[in-house]
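This report concerns only the one structure given below.
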Amino acid sequence: DFPPLGLPIRLAYPDLNGASALDMVIHCQYCIIPRHGFSNHLFKTSKFIMNSLGLYIHIPYCLHKCGYCDFNSHTINTEEMDSYVTALLREMAHYAQGPAGEKQIATIFLGGGTPTTLAVHSLEEILKNIGNHFNLSDTCEITFEANPATVSLEPLQQMRNAGYNRISIGVQSFHEHE
């Protein structure tokens, strides 16, 4: 046994009555419901929701630190990125040994920072380890945040082949000169 390393992995337990902002984002497929269908939806999904988790993994690297950003993020540091991923994988293995390892993962979200500042092989390794340590639902939504400047067609195809099935693209500005 080893203690958690304090890395930013968050296991989001959905709670329809007192959901945090992250729970609402990660579990949006359960929260955006027509008002008239809520009780029926709640009945059908409550068992799945109470037995599932959302997994948020924070990748703190960015091309540059934006003035409006309050998140734990900083510019790319190639010397520490591999060490960060190694520590992240160790932290994941630790949490999988507890109650989280017994739950089904309904959603995975890699946020930041900009996860696509990591090498594709690192993003593939992260997802492979999630699959090795946690029980993913058959319909698991696996999302990563990206900055348009950090992706191109080939890496996106590699990520899709690795199992990522959603992308969240941030727009910092609609002005080319910015």
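Coordinate-derived values only; no laboratory data. The model shown is predicted, which means the values in this text are computed figures rather than measured ones. In this analysis, Cβ positions are derived from the backbone assuming ideal geometry, glycine residues included, and neighbour counts consider all displayed protein chains.
General observations
- Enumeration of residues in the stretch 47-98 that are among the acidic types (Asp, Glu) and under 23 Å from residue 136 (Cα atoms): 91
- Among residues of the stretch 50-88, those that are buried (at least 18 other Cβ atoms within 10 Å of the Cβ) and farther than 25 Å from residue 149 by Cα, counted: 4
- If you go through the stretch 147-178 and keep only what is of a type in the set (Ser, Thr, Tyr) and in contact with a helix residue (DSSP H, G or I) (Cβ under 7 Å, 6 or more places away or on another chain), you end up with 150, 164.
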